[in-house]
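The values are calculated or read from the model by the stated rules, or taken from the named source; none is laboratory data. Note that the coordinates shown come from a computational prediction; the quantities given were computed from them, not determined experimentally. As a convention, Cβ positions derive from the backbone with ideal geometry for all residues, glycine included, and neighbour counts pool all protein chains shown.
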Amino acid sequence: MCYEATRELPLEETTIETPMGMAKTKVIAGRKLAFVPILRAGLGMVDGVLEMVPAAKVGHIGLYRDHETLQPVEYYSKLPLDIDERDVIVLDPMLATGGSAIDAITIIKRSHPKSMRFMCIIAAPEGIKALTEAHPDVEVFCAAVDDHLNEVGYIVPGLGDAGDRIFGTL
Ligand code: PRP
Ligand code: URA
């Protein structure tokens, strides 16, 4: 998925040393990418994407869904100072109602990044619709589109509460 989300970024040529000799290859041009995980569950995707783009900076947006209203509540925001020079990929494994992704992207847009993409692992059709309507300029990359949201806003079949499962707080 990270490959798909970064495939349009400009490349530049570099030379690397393989066990057999020197080789010309391509790397992402400059150091111009930032990943922004939505806390908490987005943290579970950071190690993987940094393996592919180790020079990227990492910002953080803290949001949790109020379990009664399903509305996201912001509690933390720390973005790279030069985010206006960067292409941003927002990370969250779950896109359910879309409220968290929509608010996180709205917050990041205030700092004028060059472009934004959103990467998730499981999405509900309802969340994709809400997010693409709210932010039509933000391309969405996801590994699976599940069937629907249940009456309390969980993705079905989904995997339950991703943050609780990653951090063992069930
Ligand atoms: C989960 C998930 C998303 C959000 C998705 O976070 O990681 O951020 O719900 O739901 P939405 O699309 O309806 O907004 P949660 O609010 O449970 O916080 P956590 O990651 O701290 O557990
Ligand atoms: N957040 C999750 O972690 N899982 C869901 O199914 C919906 C929102």
State all residues of the stretch 126-140 that are exposed (fewer than 14 other Cβ atoms within 10 Å of the Cβ) and free of Cβ contacts under 8 Å to residues at least 24 places away in the same chain; if no residue qualifies, say none.
-> GLU133, PRO136, ASP137
Looking at TYR64, is it outside any loop (DSSP other than H, G, I, E, B), within 11 Å of ligand 1 (Cβ to nearest atom), exposed (fewer than 14 other Cβ atoms within 10 Å of the Cβ) and at negative phi?
-> no
Kindly provide the set of residues from the stretch 97-152 that are under 13 Å from the mean Cα position of the chain (by Cα), more than 16 Å from ligand 2 (Cβ to nearest atom) and assigned to a helix (DSSP H, G or I), ordered by number.
-> ILE105, ILE108
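Per-residue answers, yes or no, for (1) exposed (fewer than 13 other Cβ atoms within 10 Å of the Cβ); (2) more than 26 Å from LEU159 (Cβ to Cβ); (3) touching a residue at least 40 places away in the same chain (Cβ under 8 Å); (4) hydroxyl-bearing (Ser, Thr, Tyr):
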| residue | (1), (2), (3), (4) |
| --- | --- |
| VAL58 | no, no, no, no |
| GLU74 | no, no, no, no |
| LYS78 | yes, yes, no, no |
| GLU85 | no, yes, yes, no |
| VAL90 | no, no, yes, no |
| ILE105 | no, no, no, no |
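Okay, residues lined up against (1) of a type in the set (D, E, K, R); (2) touching a Gly at 6+ places or on another chain (Cβ under 7 Å); (3) at pLDDT 95 or above:
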| site | (1), (2), (3) |
| --- | --- |
| PRO113 | no, no, yes |
| MET116 | no, no, yes |
| GLY127 | no, yes, yes |
| ALA130 | no, yes, yes |
| ASP137 | yes, no, yes |
| CYS142 | no, no, yes |
| ASP146 | yes, yes, yes |
| GLU151 | yes, no, no |
| ILE155 | no, no, yes |
Look at the stretch 6-42 and say how many of its residues are assigned to a strand (DSSP E or B), among the charged types (D, E, K, R) and either surrounded by fewer than 10 Cβ atoms within 10 Å (Cβ to Cβ) or in contact (Cβ under 8 Å) with a residue 40 or more places away in the chain (or both).
-> 4
Quick one: would you say TYR76 is out of contact with any Ser or Thr (no Cβ under 6 Å at 6 or more places or on another chain), within 15 Å of ligand 1 (Cβ to nearest atom), within 21 Å of HIS112 (Cβ to Cβ) and of a type in the set (Phe, Trp, Tyr)?
-> yes
Exclusive hit being in contact with a Ser or Thr (Cβ under 6 Å, 6 or more places away or on another chain) and either at pLDDT below 95 or over 19 Å from LEU131 (Cα atoms) (or both), set VAL27, VAL53 = VAL27
Could you tell me which numbered condition LYS32 fails, if it satisfies all but one of (1) within 12 Å of ligand 1 (Cβ to nearest atom); (2) basic (Lys, Arg); (3) under 24 Å from GLU85 (Cβ atoms)?
-> (1)
